[in-house]
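Novice: Below you'll find the structure I mean.
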Amino acid sequence: MPDIEVVNTGKTYSCLSGGSLLRTLLDGGEFIDNACNGVGVCGKCKIKIVSGNISPPVDCELKLLTAAELADGIRLACMVEVYGNTVVELLQMELKHKVLVKGYMPDNFVPDSHESGYGAAIDIGTTTVVTALVDMKSGDEIAHASMVNAQKSYGLDVLTRITYEYENGEKGIHELQDAIVGSINDMLDEACAKVDIDRHLVEHISVGANCTMMHMLLGVDARSIGKAPFIPEFKEAKTLKCADIGIDVAPNAELYCLPQVSGYIGADIVAGAYVCELDKVDENVLFIDIGTNGEIVLSRKGELLCCSCAAGPALEGMNISSGMRAADGAIEDVFVSEKGIELHTIGDKKPIGICGSGILAILRELLKTGIVTKRGAFIKYDEIADDDWRKKYIRLNGSKREFVMHEEPEILVTQGDVRQVQLAKGAILSGFIALLNKAGIGMEDLDCVMIAGQFGAHLPEDSLISVGILPEAVRGKMKYVGNSSKTGAYMALMSKKARQDIEQLADKMQYFELAESDNYERLLMKASIF
């Protein structure tokens, strides 16, 4: 069996002859950006081959890598098969990501009385996971921990991870469960260490998560969610022992999993609807959680309709040529004018890529300056006058046009990037409009739009409206509610009545399948125009 030596970390791994370099490195715990789950389309898993007996470059590598990169030994890890001892150099190191832990809390919430003990409220998202350590007696969140979901090694979106279950059966189901349970144990360790308590004193845990993540946490087959009619194996709330799934806390600690509505309206959205009291409002309120999926709940004076749209990972910085998650060095805002390009990065660090809020900001500017048309196409290069200031920022790559945001390192926006955002924008706006049509109300009838989630919290109103994810009619009506999934999990942790109310609320939420609405394809096409 050949060995793979990683010069950055000094570690060595063995693999079968002909085995996958990517899978060997991921199984060993090395960081590889694996956005497409190893199918060779994202081009982000670049590594450098220092020496070794490996397979030659394949067609997708010849397309995604430059001649200079190939000459320098740069390869896509997902396409490399190892036949002899090999030495590799990692080109990326994992960054500390900016994860949202706080959220709106209703003023009227009254927790149960607890004499002592510790608990944890956990939000499991497709991209990030958040844990709040709670002193049950005082009700205070005494420490937080967060991390990128360790299931990223199996794909960045739920459908890719479900595909992994299809390809690997029971083995894949167990691997995905082990990854998220491992994340939870690591976060509990981190949070408890911050306040110097033993994690085995944690006796209660509650979890809010999307439906796929909840299935994968419990080790339940999620494959039915990935194919029509998209029916989950369970929707009801679950109560079990933490030890049953490997969460290492107090011996008899209880795990409570919030209820779900459908395969694509999960416990995280039920939690958000409960936190925002959507069933009690005497107004027309729209609740949106923008992420890899866009989940939308419309409250028509307490009557709840909901739908989900496949926004894709572009709005979280993924499937973008220079995209990355929200971490130090990620471009989060941009201004483009005749005077130049002004970039703002997380942590005020040197720019290394574009996160979700950044790709929306740059698209806002490209539309404003006319570099991109309302139909999402770059302006034709030969139609730009030589003295037009915009020309120096547009580059031809063969016949393809690209916008150069930054030279070193090279950070580009391509036509493909614009299309990815356009697809996400069309999906979310069409869901917004379809729900209003279903309820028989217009834009002008909306009193409030509540924006929830990791991604939405960092998006200014102007970017959402300028790009057209939300219509102009809601300007001035937006309210940001933060991580409402974690807040809902906290309320369920602290109150038995909250659990009962949340379960009753889930039963009230009417799920609406967008694809079954009249003329949806025409609506989606119209909503995709900037």
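The values are calculated or read from the model by the stated rules, or taken from the named source; none is laboratory data. Note that the structure is a prediction, hence the values are computed from the model and not measured. Every residue, glycine as well, gets a Cβ built from its backbone with ideal geometry; the counts of neighbours run over all protein chains shown. The accessibility values were calculated without ligands, DNA or RNA, using every heavy atom of the protein model including side chains. Shrake-Rupley method; radii C 1.70, N 1.55, O 1.52, S 1.80 Å.
Novice: Taking the Cα centre of region 199-325 as origin, work out the dipole magnitude from +1 charges on Lys and Arg Cβ and -1 charges on Asp and Glu Cβ, in debye rounded to 20.
Specialist: 300
Novice: Any chance you could count the Lys pairs in region 259-381 whose alpha carbons are under 29 Å apart, treating pairs 8 or more apart or on different chains as valid?
Specialist: Value for region 259-381: 9.
Novice: A further question follows. List the residues whose amide H sits under 5 Å from the amide H of Leu459, counting only those 5 or more places along or on another chain, with H placed 1.01 Å from N in the peptide plane.
Specialist: Amide H neighbours of Leu459, under 5 Å, 5+ apart: none.
Novice: Show me the helices of the chain, taken as full DSSP H stretches, that run 27 Å or more along their long axis by Cα and average 0.0 or above in Kyte-Doolittle hydropathy.
Specialist: Result, helices passing both filters: 415-439.
Novice: May I ask you to derive the relative contact order of region 126-170, considering only C-alpha pairs under 8 Å and at least 6 residues apart, and to give it as an integer percent?
Specialist: Reported relative contact order: 34 percent.
Novice: When Lys and Arg each count +1 and Asp and Glu each count -1, what net charge do the other residues less than 13 Å away from Glu170, Cβ to Cβ, add up to?
Specialist: -3
Novice: Using a 1.4 Å probe and counting only protein heavy atoms, arrange Thr12, Thr128, Thr373 so the residue with the most accessible area comes first.
Specialist: Descending order: Thr12, Thr373, Thr128.
Novice: Rounded to the nearest percent, how much of the accessible area of the chain (1.4 Å probe, protein heavy atoms only) is carbon and sulfur?
Specialist: Ligands and nucleic acids excluded, carbon and sulfur reach 49 percent.
Novice: Could you give the length gained by full extension between Arg522 and Lys280, i.e. 0.36 nm per residue of separation minus their alpha carbon distance, to one decimal place?
Specialist: Using 0.36 nm per residue and subtracting the Cα-Cα distance, I get 83.7 nm.
Novice: Once you've got the Cα coordinates, tell me which of Lys46/Lys391; Lys152/Lys486; Lys152/Lys391 are over 28 Å apart.
Specialist: From the list (Lys46/Lys391; Lys152/Lys486; Lys152/Lys391), the Cα-Cα distance tops 28 Å for Lys46/Lys391; Lys152/Lys391.
Novice: Output the direction-averaged projected area (hull surface divided by four) of the convex hull of the alpha-carbon atoms of region 120-163, in nm².
Specialist: Mean projected area for region 120-163: 3.1 nm², to one decimal.
Novice: Between Gln510 and Glu461, what's the calculated FRET efficiency when r is the beta-carbon distance and R0 is 41 Å? Round to 0.05.
Specialist: After rounding, the FRET efficiency stands at 0.90.
Novice: Roughly how many Å² of Asp178 are accessible to a 1.4 Å probe, to the nearest 10?
Specialist: 100
Novice: Output the peptides 275-281, 261-267 sorted from most to least packed, where packing is the average of other Cβ atoms within 10 Å over each peptide's residues.
Specialist: Answer by packing, highest mean first, reads 261-267, 275-281.
Novice: Suppose every Lys and Arg Cβ carries +1 and every Asp and Glu Cβ carries -1, with no other charges. What dipole size does the chain come out with about its Cα centre, to the nearest 20 debye?
Specialist: Rounded to the nearest 20 debye, it is 1100 debye.
Novice: Calculate the FRET efficiency for Lys241 and Ser51 from the Cβ-Cβ distance with a Förster distance of 51 Å, rounded to the nearest 0.05.
Specialist: About 0.55, to the nearest 0.05.
Novice: With charges set only on the Cβ (+1 for Lys and Arg, -1 for Asp and Glu), what does the dipole of region 448-530 come to about its Cα centre, in debye to the nearest 20?
Specialist: Charge dipole of region 448-530: 420 debye, to the nearest 20.
Novice: For the residue pair Thr369 and Glu408, what label-to-label distance in nm results when each label sits 7 Å from Cα along the Cα-to-beta-carbon direction?
Specialist: Between Thr369 and Glu408, the simple spin-label model gives 2.2 nm.
Novice: Considering only the chain, what is the antiparallel percent among its DSSP beta bridges, to the nearest 5?
Specialist: If we restrict to bridges inside the chain, about 70 percent are antiparallel.
Novice: Going by accessible area, probe 1.4 Å, with all protein chains left in place, what is the ranking of Leu523, Leu156, largest first?
Specialist: Leu523, Leu156
Novice: If you don't mind, there's one more thing I want to ask. When only C-alpha pairs under 8 Å and at least 6 residues apart count, what is the relative contact order of region 354-480, in percent?
Specialist: The normalised contact order for region 354-480 reaches 23 percent.
Novice: For Gly376, what residues show an amide H to amide H distance below 5 Å, using hydrogens built from the backbone and excluding near sequence neighbours?
Specialist: Phe530
Novice: While we're looking at this one, here's another question. Between beta-carbons, use under 12 Å as the cut-off and find the net charge around Arg75, counting Lys and Arg +1, Asp and Glu -1.
Specialist: So the surrounding residues net to -3.
Novice: Please give the length that would be gained between Ile529 and Thr12 if that part of the chain were fully extended, namely 0.36 nm times their separation in residues minus their C-alpha to C-alpha distance (nm, one decimal).
Specialist: Answer, rounded to one decimal: 181.1 nm.
Novice: Give the long-range amide H neighbours of Cys42: residues separated by 5 or more places, or on another chain, with amide H under 5 Å away, using H modelled in the peptide plane at 1.01 Å from N.
Specialist: Amide H neighbours of Cys42, under 5 Å, 5+ apart: Cys36.
Novice: Could I ask something else about it? Output the relative contact order of the chain, whole-number percent, from Cα pairs under 8 angstrom with separation of 6+ residues.
Specialist: Answer for the chain is 14 percent.
Novice: Only one of the values (i) 37, 32, 20; (ii) 36, 29, 22; (iii) 47, 28, 21 was calculated from this structure for semi-axes √(5λ) of the Cα gyration tensor in Å; name its label.
Specialist: Matching entry in (i) 37, 32, 20; (ii) 36, 29, 22; (iii) 47, 28, 21: (i).
Novice: Still on this model: Identify, among Ile362, Ser485, Gly272, the residue whose Cα sits farthest towards the positive end of the charge dipole of the chain, taking +1 on the Cβ of Lys and Arg and -1 on the Cβ of Asp and Glu, with the dipole about the Cα centre.
Specialist: Ile362
Novice: How would Arg364, Arg375 rank on accessible area, largest to smallest, probe 1.4 Å?
Specialist: Largest accessible area first, the residues go Arg375, Arg364.
Novice: May I pose another question? Using the Cα centre of the chain as origin and beta-carbon charges of +1 (Lys, Arg) and -1 (Asp, Glu), tell me which of Ala498, Asn53, Asn8 is placed farthest towards the positive end of the dipole.
Specialist: Working it through, the farthest residue towards the positive pole turns out to be Asn53.
Novice: How far is it, in nm, from the label point at Val41 to the one at Asp3 when both lie 7 Å from their Cα along the line to the Cβ?
Specialist: 3.8
Novice: Sticking with this structure for a sec: Could you bin all the Cα-Cα distances of region 37-92 into 5 Å bins starting at 0 and give me the percent of pairs in each, rounded to whole numbers?
Specialist: Here the calculated profile for region 37-92 is 4, 21, 34, 27, 13, 1.
Novice: Length gain on complete extension for the stretch Asp348 to Val58, per 0.36 nm per residue less the alpha carbon to alpha carbon distance?
Specialist: 100.5 nm
Novice: Let me have the 222 nm mean residue ellipticity of the chain computed from DSSP H runs of 4+ only, each contributing -39500 (n - 2.57), with the sum over all residues rounded to the nearest 500.
Specialist: Counting only the DSSP helices, I get -9000 deg cm²/dmol.
Novice: May I pose another question? Rolling a 1.4 angstrom probe over the protein heavy atoms, how many square angstrom per residue are accessible across the chain?
Specialist: Here the per-residue accessible area is 42 Å².
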